[in-house]
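Enquirer: The structure follows.
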Amino acid sequence: MKNTVQHFWNNPLKRREALTGYLFISPWVLGFLIFGIYPIIMSIYYSLCQYDVLRVPQFIGLQNFKELLADDPYFWKSIWNTLYFTVLRIPLSILGSLLLAVLVNNAIRGIRFFRTIYFIPSIVTGVVLSVLWMWMFNPQYGLINSFLAFMGLKGPLWLQSPQWSKPALVLMGLWSIGGGRMLVFLAALQGIPQHLYEAVDLDGGGWWSKFRHVTLPMISPVLFLWTVLEVIFSFQIFTEAYVMTKGGPLDSTLFYNLYLYFKAFDDFQMGYASALAWLLLVLTLAVTLIQFKIGKRWVYYEGEQRGA
Amino acid sequence: MLHYLWKILKIIGLFAVLLMTIAFLFWPQHKTNNDERIHVRYWYATGQKEELPFTVRLFNEMQDSIFVEAVAIPWQESEKKILTAILSDNPPDIVDHFAPVVKWASRMGLYPLDSFIAADQFDSTVIFPACWQEMQWQGHVFAMPTATASYALFYNKEMFRQAGLDPDKPPRTWDEVRQYARKLVRRTERGHITQMGFLFHLGRTLKVSQQTEEPLLLMAWQKQVPFTDPQKEKVLFANEQMVELLNYVLEANQDVPLPDQLAFVAGFGYGDQHAFTSGRLAMMILPGNFPDHIAAYRPGLDYGVSVIPSFEGFPTASSTATWWMAIPRGAKHPRAAWEFIKFVVDKEVQLQSLQAMDENLFPANRLAAMDASFLYKDFNQIFLDQLNYAHSTSILPLAHDTFWREFTNAVERVVHGKQQPWDALKQAELIIQNELNRAVAYDHYVREHMQFPGIAQ
């Protein structure tokens, strides 16, 4: 190791290349240190403080965490809401995208047009989408309840109902199943070698066998990646609830990040909000690690040998 | 070796040029005019328009020693912008804002104005008492109220006629409101509500979006319910009077089934989708600038304005919603800033400003509000009278947002049948008290470790 380092410093060409490289990445590194690492480190400190931004922080040790876990009913409510939303949303959104990807993977005439059409909704921004869906969910005049009424069904109150507000937001999330997720699934589907399907044909297998024994294992790394990402995205849900419900009715859409925002920017409790943020990180990390643990059992990587 | 050093120096030089170009492009633009006037930076929060405020134009025309540079900041982002500006020690000299002054004053975000007020012998009695009271924290004045929104009861005369009610006899008591409201409900053949008389419960979104005020709050003020002890250290939210009032609201709210109400209010929006402007709600408590809103979105609407109803034998009550100007901590030109602030609340300037504005905000200066050139406008006398019964919403400065969030949540839990009034109020009281205790303890710590900001004269 020592020799390698000495060799490096004695070699002017390598030294020059390294210095040039460091110089080129230095603006980004500086930016990352100042605007990324510094706030992260400070938020650890503030999570141990009573701090309202405008005045000096008061160190209170683990008091914020203690209060959050033991005395704050909204904390547990927001955890429950977020987990409920996550568990309901992820299977639906991933299955929806996968189904759509399978559909647009067919070599039919005009398929590129359909792919574009399905992709377009995903480019609408969060606030615009939220306002649009507020009208879609309108219990009296909204498209959804009008359609249900046409079918002879009485539609729910959606965003006005504590029971239906979270399912409504999940339904709204399905709007973008044709976005980036579908494209990645599509790419994964197109990367499956055709001869694997031919082998199933030779074995007399049908479409289900092909899907179960070829498609699913071959796209399992992509499915796994999106499951991990979707958990992280779902834990961070904010815009929809902020614009559409403000956490109501009856705190049924008080998601974790929304509560964090209220604490930070309404109440100016930055210390408490920092503690909330760190707990969210721990929660996300724990769930992701569990996913990785479980993922080993069902994710298949090409070139990997089981039990090796 | 020198060759490589030279190359490295060239790369560094390239970066330096790049950084200087970026710095030049993004460097704050300062006026380079030759006048020697003090340049005062003024941030004003605005919804859509970014045109220069009339008062700034007038002040700059008249002044030869101070020049006000006005910068519009988006209304929804204003709190965060002011917060970060103070924190970075580069705030403007003046901010104008709408949220409670004490929220900022109690956190040492503003300079006290006492020394300027005393030095200039500013007569604070010209300001409406409720507005002036809102500007104070622990015996110091931290801001100057510039305009306020006085509330009154708006009612749709056409809807009154259709319901067989006398359009010249608006309800005077809450019981009458309830009687009228029952007659004003209309449904489609399928049972959907198309119009209602009055909403006794607003929930957490309508108060802001519909510019209205929570009836329960007005009722509590009318009955002089204490929300805290006089020292504002103990929250007295759960009490017999509040339970009685909450039961009244609950009962009145049940005249129309809750699911039907919720479905109905989901269609309320802004502009011509507003509950009152769109002719869907016959009676609403709305601010003094609302006639301008009606004139813009529903010019032909036949409506009246009346005193906010009360309980039999109790006086009316209203709330203030005050715009104010203040000097944030770290401002570079506080004295010059004060000159502009003082100028804005001058009676003549307020009157001229009101004439120049599209919206008819109520002047904070009583003399301007009582001037014939202002009072001649429809209903302004009613709004003026209501201001005499106005209360400040700054009830618990150190736990302001928690207080109002819990207030709303408690009512919501009762209306949705999740809790009995006493339990809902008690739960809210505990949460607010907990928050208050934490805030008071922190406040004590800060006073020992931080200098209260004063202005270097």
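Enquirer: Using the scaling law 2.2 N^0.38 Å as the reference, what is the normalised Cα Rg of the protein assembly as shown?
Expert: Working: Rg = 31.0 Å, N = 765, 2.2 N^0.38 = 27.4 Å.
So the protein assembly as shown has a normalised radius of gyration of 1.13.
Enquirer: Where does the protein assembly as shown land at 222 nm, in deg cm²/dmol rounded to the nearest 500, when only DSSP H runs of n ≥ 4 count, each adding -39500 (n - 2.57), divided by all residues? Before the final figure, lay out the partial values.
Expert: On the way: 36 runs with 406 residues, N = 765.
It lands at -16000 deg cm²/dmol.
Enquirer: Residues in the range A:12-28 near a label at B:Ile8, defined as backbone nitrogen under 14 Å from the 7 Å Cα→Cβ point?
Expert: A:12-24, by backbone N distance to the label point.
Enquirer: Quick one: work out Rg over Rh on the C-alpha atoms of the range A:72-298, Rh as Kirkwood radius.
Expert: Working: Rg = 20.3 Å, Rh = 19.7 Å.
Answer for the range A:72-298: 1.03.
Enquirer: Also, quick follow-up: What residue among A:Phe255, A:Phe113, A:Phe224 has the largest mean-square fluctuation in a Gaussian network model of chain A, using Cα springs under 10 Å?
Expert: Of A:Phe255, A:Phe113, A:Phe224, the Gaussian network model singles out A:Phe113 as fluctuating most.
Enquirer: Follow-up question, since we're still on this one. Expressed as a rounded percentage, what relative contact order does chain B have, with Cα pairs under 8 Å and six or more residues apart? Intermediate results must be reported in sequence, preceding the final value.
Expert: Values: 687 pairs, mean separation 108.6, N = 457.
24 percent.
Enquirer: In the range B:5-25, which residues have a backbone nitrogen under 15 Å from the label point lying 7 Å from A:Arg15's Cα in the Cα-to-Cβ direction?
Expert: Counting only backbone N, you get B:5-9.
Enquirer: Moving to a separate point now. I'd like to verify something in chain B: which complete DSSP H helices, judged by Cα projection on the helix axis, reach 27 Å or more and average at least 1.6 on the Kyte-Doolittle scale?
Expert: Values: long enough: B:2-26 (36 Å, 1.94); B:421-449 (42 Å, -0.69).
Helices meeting the span and hydropathy rule in chain B are B:2-26.
Enquirer: How many partner chain Cβ atoms sit within 10 Å of a residue's Cβ in peptide B:102-112, on average, as a whole number? Walk me through the numbers before you get to the answer.
Expert: On the way: counts 0, 4, 2, 0, 3, 5, 4, 5, 1, 0, 0.
Mean shielding count: 2.
Enquirer: Pop the C-beta distance of B:Leu52 and A:Arg109 into the FRET formula with R0 = 60 Å and round what comes out to the nearest 0.05. Could you put the intermediate results ahead of the total?
Expert: Values: r = 59 Å, r/R0 = 0.99.
Between B:Leu52 and A:Arg109 the formula returns 0.50.
Enquirer: Within 10 Å of each Cβ in A:25-33, how many Cβ atoms from other chains are there, averaged over the peptide? Mind dumping the intermediate values first?
Expert: Numbers: counts 0, 2, 4, 0, 0, 0, 0, 0, 0.
Per-residue shielding by partner chains comes out at 1.
Enquirer: Apply 1/(1 + (r/R0)^6) to the Cβ-Cβ distance of B:Glu240 and A:Ile34, taking R0 = 60 Å, and write down the FRET efficiency to the nearest 0.05.
Expert: Numbers: r = 57 Å, r/R0 = 0.95.
The pair B:Glu240/A:Ile34 has a calculated efficiency of 0.60.
Enquirer: Sticking with this one: For A:Tyr22 and A:Ile41, calculate 0.36 nm times their separation in residues minus their Cα-Cα distance, and state this gained length in nm to one decimal. Spell out each step's value before the answer.
Expert: Numbers: separation 19, 0.36 × 19 = 6.84 nm, distance 2.39 nm.
Roughly 4.5 nm would be gained on extension.
Enquirer: Going 7 Å from the Cα of B:Phe314 toward and past its Cβ, which residues in the range B:403-433 have a backbone nitrogen under 16 Å from where you end up?
Expert: Label zone hits: none.
Enquirer: Now a separate question. Distance in nm between label sites at B:Arg187 and B:Glu348, each 7 Å beyond Cα in the beta-carbon direction?
Expert: 6.2
Enquirer: Semi-axes of chain B's equivalent ellipsoid from the Cα gyration tensor, sqrt of 5 times each eigenvalue, largest first, rounded to whole Å?
Expert: Values: eigenvalues 388, 144, 122 Å².
Square roots of five times the eigenvalues give 44, 27, 25 Å.
Enquirer: Compute the length gained on full extension between B:Asp89 and B:His39: take 0.36 nm times their separation in residues and subtract their Cα-Cα distance, giving the result in nm to one decimal. Write down the numbers at each step before the final one.
Expert: Details: separation 50, 0.36 × 50 = 18.00 nm, distance 1.73 nm.
Taking 0.36 nm per residue and subtracting the Cα distance, the gain is 16.3 nm.
Enquirer: Among A:Gly178, A:Phe235, A:Ser122, flag the residue with its Cα farthest along the positive direction of the charge dipole of the range A:72-298, charges on Cβ as +1 for Lys/Arg and -1 for Asp/Glu.
Expert: It is A:Gly178.
Enquirer: Using only the Cα atoms of the range B:60-216, what do you get for the radius of gyration and for Dmax, in Å?
Expert: Computed over the Cα atoms of the range B:60-216, radius of gyration and Dmax are 22.7, 69 Å.
Enquirer: I would also like to ask the following. Going down the table (A:Lys246/B:Lys81; B:Lys183/B:Lys418; A:Lys154/B:Lys418; B:Lys103/B:Lys342; B:Lys232/B:Lys426; A:Lys263/B:Lys81), which pairs top 27 Å between alpha carbons?
Expert: Numbers: A:Lys246/B:Lys81 21 Å; B:Lys183/B:Lys418 29 Å; A:Lys154/B:Lys418 24 Å; B:Lys103/B:Lys342 22 Å; B:Lys232/B:Lys426 17 Å; A:Lys263/B:Lys81 17 Å.
Pairs exceeding 27 Å: B:Lys183/B:Lys418.
Enquirer: Same structure again: Based on DSSP loop calls and a cut-off of at most 15 other Cβ atoms within 10 Å, the longest stretch of chain A free of exposed GluC sites (Glu not before Pro) is what?
Expert: A:1-301
Bear in mind these aren't lab numbers, they're just calculated from the coordinates by the rules spelled out. On a predicted model such as this, the values are computed, not experimentally measured, just so you know. Note that each Cβ is placed from the backbone with ideal geometry, even for glycine, and that neighbours are counted across all protein chains shown.
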